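K.L.:
Take a look at this one; I'll ask things after.
The values are calculated or read from the model by the stated rules, or taken from the named source; none is laboratory data. What you see is a predicted model, and the numbers here were worked out from it, not measured in a lab. Quick reminder, even Gly has a Cβ in these numbers, built from the backbone with ideal geometry, and neighbours come from all protein chains shown.
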Amino acid sequence: PKTDKTGYSLDGWNAKSGGNVVLREIFSSREALIGLTSKLVKPFVVMQNLYSLGHFDIKPPNLLYKYFPGEKGRASRLSVAAGDFGMAGLLHGDMILRGTLAFMAPEMERVSGGLVAKPSYDVYALALTLASFWTAATELRDHYPWVEKCIKPTLKKMKDAPEFTFLRFASKTGPKLYEADTIYALSTCFAVGGKVEKLYHTGMPLLIRLKLSQMADPEPLARVSMRHARFVFKAYAMLDKLLRAPQSEANAETREEQLKQLQSLHIVQFLLFYLRMEPLTAARDNTQSYRRLARALLDFARLDPVYQAATETVQPLPYEFFTEQKDWQNVKVEVSGSEVDETIRKLRTSLTRDRSLSEDSWADLVDIMFGVSLDGLREVVTRVVYSRKTFLLEEKIGNAVKEAVAATYKFDPNTQLIAEDAPDRLFEVVRTDLGLSYPDDSELGRFLVHRVSKSHTAWATVDRLARQALRLALRREERTRQVYEQLLSGEKPSSESEKAFFDSVFSAVSVVSEANYFGLFWDFPSAGLFGVPPEEMQAYVRKTHLAFVGKMWPVETQKKILEAAVRVTVRGLNASLPASLVDVYATVFAALPTKAPVSPPFLYGLEREEYSSLLFDAKLPEFKEMVAFWATRHELNIAVQTAVGKIPDATNLSDEDIEKQLEGMLPAHLRSPSPARFGWPPEAVADNIRLFIREAKDELALHGPDMVHNRIRVNGRSKPPRRAAFLFHEIFRKAIAFKKDISVLQFNQFFTDILKQSFDPQCRRFIAEVKKRVKSAPAEYVRVADTEAVAPLFEGEGKDILKLVAVDPAARASDPEPNNCFLWTQAFLDDKTIVVS
């Protein structure tokens, strides 16, 4: 990777390095990464289990790689081995505190009585190493995302704000790095929807995501073993390969050998017993068997058997426990030892079918299936029992989040994506709806924040899957595309066509979900997350989500809206953009929420490649490049416009004369810019400067003595929905120019024509009306007569406060206009002055 950020690569890869071309191919391939994940665990399992050795400095630079190019239809691949054994040592003995801080387990900090070498240290480091591989496709970094996005921001908020350094980690006095807040941030970082998990390759299986999170668990007792990780990754890699390979008699011998290797794994042997499946042979089609085994691996990773055992043995606390007035600061949800014991007994009976097992054999089975010791199992079961006891509160929280998401659809139907990160207002909405007043730093306060975030992530995942399903359905069926075009044009399809359309989209939901979840996403245990029982989710999603998702705008519309937002933001920044495209993207995209008329569908630092692919048909590096190029091109446009405005009598000069004068007037970094900064071929820079000159001259021509320049008020962004009868909006002020003699009738007709080109189909039938305010609190407006001239309304000390509204001609005159139709037009989104003609 480049360490100097002044280059023009937005994904961190140096294309000039031949080795990087090879690695980039590997890290962009789902199959290659699955294979690499499986292979990478093996050397460390051998070290731990055969030689009782720990490596203690696992990280990407300490691995050895060998590349095998693709041939005969086989994808290219890497062979990997452990290297740099300078810190290796015997397990369970005394060890010196040393290593690479970013990969050192939290429990290694400030150990009383001296540090003991434990295998869990290597598991933690390997999880982070694998995480760095799975994120390399979106961006190869010279820093580690769990440090920059999760640990350091948390440390800055702490009272003493300690620096993330090895000296602080090794210090026996002063503030610790891994206090409760840091550990919580680290655990959520790798969880589904976390800041690291978002960066993973889009094809990364959920099973591997969950398992890396468990390998990086800050609690060492719950951290899975290296042996267990090896079993899971190896079994999944083989099942994935078998599912992708065509089944034919020609490859029967190879498949028989693959099945023999698969069934030699202890974890697969147990699953065959647990699922009551016959041994697999190449003589029959095993496709459904492969899926059942893969789904079972996922179920165990999600601890479904443990949740099932807890459900059958532990009663939830009554909801009144969480609502009655109490000293909430000190309220604890206690999990008793007997509850844990009963759940483990139920789990053991379920897994073994009540067969007799020695304690050693039971411990071995627990490690194979869950990756923990018997003490670790108690830690895991304690967590699950806690979740069971708080189930009724969690269910209420899930339902409140569900209602908040539904309100977003209802009050802002132009929502193009529910991003996973819960907005700050959501926590207050849930508190208010449920009447809860837990202190933020109390146990229940932290529980509420965690469960609201978790539930919102789940509903956002449903939203994303539904939108991905729409895109898939549109690619698959012509009839579905035809109905979609009708919906986009504002037409009402027949009831039969509409039903067929939503049937097609929901069928695609099953396909999209099957690829990662081996079933529908909302499976057990889901009632707590969603606030809706699993058996009711299908009908609810069809009724609520698909009705809005089915009208999602096409990719080209999404790009037009975003490009306009970027242009407005660049002008609003009023400063030179950074030298590197990486920093250009960071500067501009981070400023979009405050500078642009509409918020981006997701925020800077919280990007996910699924988002950019879904909305903009672009991989994440391509999306970032697209934004950066729009920004740099518009910066040049603004610079040319500004310079032309300073040239006397520019409207009467030729373009060539202006071009010569511009050479010394542009900012220094734009006088001889590299075409690569704009994503243009070499000759395009001069051509676009000439185009910008012509546009600047046209803009100057608008400032004649017969033109009026002002701003008109329209409804802007939707305000966050609450329990209100109507939707409210921010006020957006748009620059306009018009001749002094234009009438209100002409003014309204011009903006009615703009509405006909709205991105929102519903707005295309609306008509524009300019109104003046006659009452301020609450605001009340009346229509201005068509015969009045517009200019006087904007002039003088007694000028009226005017607002342009989009009115539904079919609505009653007394009805309010709770829409922001003008905001969803190219004219209002762009940063150019609207010239009323």
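K.L.:
Got a number for residues in the range 100-114 being more than 16 Å from P220 (Cβ to Cβ) and polar (S, T, N, Q)?
P.N.:
Qualifying residue count, the range 100-114: 1.
K.L.:
Now a separate question. So which residues in the range 410-422 are in a helix (DSSP H, G or I) and crowded, with 18+ Cβ neighbours inside 10 Å, if there are any at all? So that I can check it myself, show each step before the final result.
P.N.:
Here is the first cut: in the range 410-422, the ones in a helix (DSSP H, G or I) are 410-411.
Once the filter is applied, which keeps residues that are in a helix (DSSP H, G or I) and crowded, with 18+ Cβ neighbours inside 10 Å, the range 410-422 yields only F411.
K.L.:
Scan the helices (runs of 4 or more DSSP H) fully inside the range 192-270 and keep the ones with 1 or more residues being under 28 Å from the mean Cα position of the chain (by Cα) and modelled with pLDDT of 95 or more. Break it down stepwise before answering.
P.N.:
Details: elements: 206-215, 226-244, 252-262.
The qualifying helices (runs of 4 or more DSSP H) are 206-215, 226-244.
K.L.:
What about I647, is it among the aliphatic types (A, V, I, L, M) and in a loop (DSSP other than H, G, I, E, B)? Steps first, please.
P.N.:
Values: among the aliphatic types (A, V, I, L, M): yes; in a loop (DSSP other than H, G, I, E, B): yes.
For I647, the condition - among the aliphatic types (A, V, I, L, M) and in a loop (DSSP other than H, G, I, E, B) - is met.
K.L.:
Considering each residue of the range 755-794, count those that are in contact (Cβ under 8 Å) with a residue 24 or more places away in the chain and loosely packed, with under 13 Cβ neighbours inside 10 Å, and give that number.
P.N.:
Of the residues in that region, 3 qualify.
K.L.:
Further question: Take the range 809-837 and flag every residue that is at pLDDT 90 or above, farther than 17 Å from E563 by Cα and in a loop (DSSP other than H, G, I, E, B).
P.N.:
N820, V836
K.L.:
I've got another one for you. Looking at E342, E379, which is the one that is touching a helix residue (DSSP H, G or I) at 6+ places or on another chain (Cβ under 9 Å) and farther than 13 Å from S225 by Cβ? Don't jump to the end; show me each part of the working.
P.N.:
On the way: E379 fails: touching a helix residue (DSSP H, G or I) at 6+ places or on another chain (Cβ under 9 Å).
None of the others qualify; the one that does is E342.
K.L.:
Related question: So which pairs qualify, if the first residue must be in the range 183-199 and free of Cβ contacts under 8 Å to residues at least 40 places away in the same chain, the second must be in a loop (DSSP other than H, G, I, E, B) and among the charged types (D, E, K, R), the Cβ gap must be under 8 Å, and the two must be at least 6 apart or on different chains?
P.N.:
Short answer, once both residue conditions are applied: S187/D217.
For (1) in a helix (DSSP H, G or I); (2) touching a Lys or Arg at 6+ places or on another chain (Cβ under 9 Å); (3) more than 17 Å from A618 (Cα to Cα), each residue gets a yes or a no:
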site	(1), (2), (3)
A539	yes, no, yes
K543	yes, no, yes
L562	yes, no, no
R567	yes, yes, yes
T594	yes, no, yes
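K.L.:
Could you tell me which of the residues E498, E491, E514, E485 is of a type in the set (D, E, K, R), under 19 Å from L546 (Cβ atoms), modelled with pLDDT under 95 and surrounded by 16 or more Cβ atoms within 10 Å (Cβ to Cβ)? Full working, then the answer.
P.N.:
On the way: E491 fails: surrounded by 16 or more Cβ atoms within 10 Å (Cβ to Cβ); E514 fails: surrounded by 16 or more Cβ atoms within 10 Å (Cβ to Cβ); E485 fails: surrounded by 16 or more Cβ atoms within 10 Å (Cβ to Cβ).
The unique qualifying residue is E498.
K.L.:
Go through the range 24-42 and report how many residues are crowded, with 19+ Cβ neighbours inside 10 Å, at pLDDT 90 or above and either in a loop (DSSP other than H, G, I, E, B) or in contact with a strand residue (DSSP E or B) (Cβ under 7 Å, 6 or more places away or on another chain) (or both).
P.N.:
So the count comes out to 3.
K.L.:
Report yes if D433 is more than 30 Å from Q269 (Cβ to Cβ), among the charged types (D, E, K, R), at pLDDT below 95 and touching a strand residue (DSSP E or B) at 6+ places or on another chain (Cβ under 9 Å), otherwise no. Steps first, please.
P.N.:
Numbers: more than 30 Å from Q269 (Cβ to Cβ): yes; among the charged types (D, E, K, R): yes; at pLDDT below 95: yes; touching a strand residue (DSSP E or B) at 6+ places or on another chain (Cβ under 9 Å): no.
Spelling it out, it is not the case that D433 is more than 30 Å from Q269 (Cβ to Cβ), among the charged types (D, E, K, R), at pLDDT below 95 and touching a strand residue (DSSP E or B) at 6+ places or on another chain (Cβ under 9 Å).
K.L.:
Okay, moving on. Do we have V805 as within 20 Å of P597 (Cβ to Cβ) and either modelled with pLDDT of 85 or more or assigned to a loop (DSSP other than H, G, I, E, B) (or both) here? Steps first, please.
P.N.:
On the way: within 20 Å of P597 (Cβ to Cβ): yes; either modelled with pLDDT of 85 or more or assigned to a loop (DSSP other than H, G, I, E, B) (or both): yes.
It is true that V805 is within 20 Å of P597 (Cβ to Cβ) and either modelled with pLDDT of 85 or more or assigned to a loop (DSSP other than H, G, I, E, B) (or both).
K.L.:
Here is a follow-up. Can you tell me which residue in the range 109-143 is farthest from the chain's Cα centre (by Cα), limited to those that are under 17 Å from F169 (Cα atoms) and buried (at least 22 other Cβ atoms within 10 Å of the Cβ)?
P.N.:
The selected residue is Y121.
K.L.:
If you don't mind, another one. Taking the stated definitions as given, is D706 closer than 29 Å to P792 by Cα, modelled with pLDDT under 90, more than 40 Å from the chain's Cα centre (by Cα) and surrounded by fewer than 12 Cβ atoms within 10 Å (Cβ to Cβ)?
P.N.:
On the way: closer than 29 Å to P792 by Cα: yes; modelled with pLDDT under 90: yes; more than 40 Å from the chain's Cα centre (by Cα): yes; surrounded by fewer than 12 Cβ atoms within 10 Å (Cβ to Cβ): yes.
Considered against the rule, which asks whether it is closer than 29 Å to P792 by Cα, modelled with pLDDT under 90, more than 40 Å from the chain's Cα centre (by Cα) and surrounded by fewer than 12 Cβ atoms within 10 Å (Cβ to Cβ), D706 comes out as yes.
K.L.:
With the requirement that a residue be assigned to a loop (DSSP other than H, G, I, E, B) and basic (K, R), what does the range 607-640 give you?
P.N.:
Within the range 607-640, the subset assigned to a loop (DSSP other than H, G, I, E, B) is 607-608, 617-619.
Once the filter is applied, which keeps residues that are assigned to a loop (DSSP other than H, G, I, E, B) and basic (K, R), the range 607-640 yields R608, K619.
Let's see how each residue does on (1) more than 32 Å from the chain's Cα centre (by Cα); (2) at positive phi:
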{"residue": "S350", "(1), (2)": "yes, no"}
{"residue": "L357", "(1), (2)": "yes, no"}
{"residue": "V366", "(1), (2)": "yes, no"}
{"residue": "G371", "(1), (2)": "no, yes"}
{"residue": "L374", "(1), (2)": "yes, no"}
{"residue": "V380", "(1), (2)": "no, no"}
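So that you can scan it fast, the table gives a plain yes or no per residue for (1) touching a residue at least 40 places away in the same chain (Cβ under 8 Å); (2) in contact with a strand residue (DSSP E or B) (Cβ under 7 Å, 6 or more places away or on another chain):
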| site | (1), (2) |
| --- | --- |
| K646 | no, no |
| M665 | no, no |
| P681 | no, no |
| N688 | yes, no |
| F692 | yes, no |
| V708 | yes, yes |
| R711 | no, yes |
| G716 | yes, yes |
| K734 | yes, yes |
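K.L.:
Applying the selection to the range 363-402, what residues are among the acidic types (D, E) and out of contact with any Gly (no Cβ under 8 Å at 6 or more places or on another chain)? It would help to see each step written out before you state the result.
P.N.:
Taking the range 363-402 as the starting set, the residues that turn out to be among the acidic types (D, E) are 364, 367, 375, 379, 394-395.
The answer is D364, D367, D375, E379.
K.L.:
Residues in the range 187-198: is at least one of a type in the set (D, E) and surrounded by 15 or more Cβ atoms within 10 Å (Cβ to Cβ)? Walk me through it before giving the result.
P.N.:
Of the residues in the range 187-198, the ones of a type in the set (D, E) are 197.
Then drop every residue that is not surrounded by 15 or more Cβ atoms within 10 Å (Cβ to Cβ), which leaves 197.
Yes: the range 187-198 contains one or more residues that are of a type in the set (D, E) and surrounded by 15 or more Cβ atoms within 10 Å (Cβ to Cβ).
K.L.:
Something else: Within the range 276-299, does at least one residue satisfy the condition of being assigned to a helix (DSSP H, G or I), crowded, with 17+ Cβ neighbours inside 10 Å and of a type in the set (S, T, N, Q)?
P.N.:
Yes: the range 276-299 contains one or more residues that are assigned to a helix (DSSP H, G or I), crowded, with 17+ Cβ neighbours inside 10 Å and of a type in the set (S, T, N, Q).
K.L.:
So, one more: Mind checking which residues of the range 135-158 are in contact with a Ser or Thr (Cβ under 8 Å, 6 or more places away or on another chain) and not in a loop (DSSP other than H, G, I, E, B)?
P.N.:
P145, C150, I151, T154, L155
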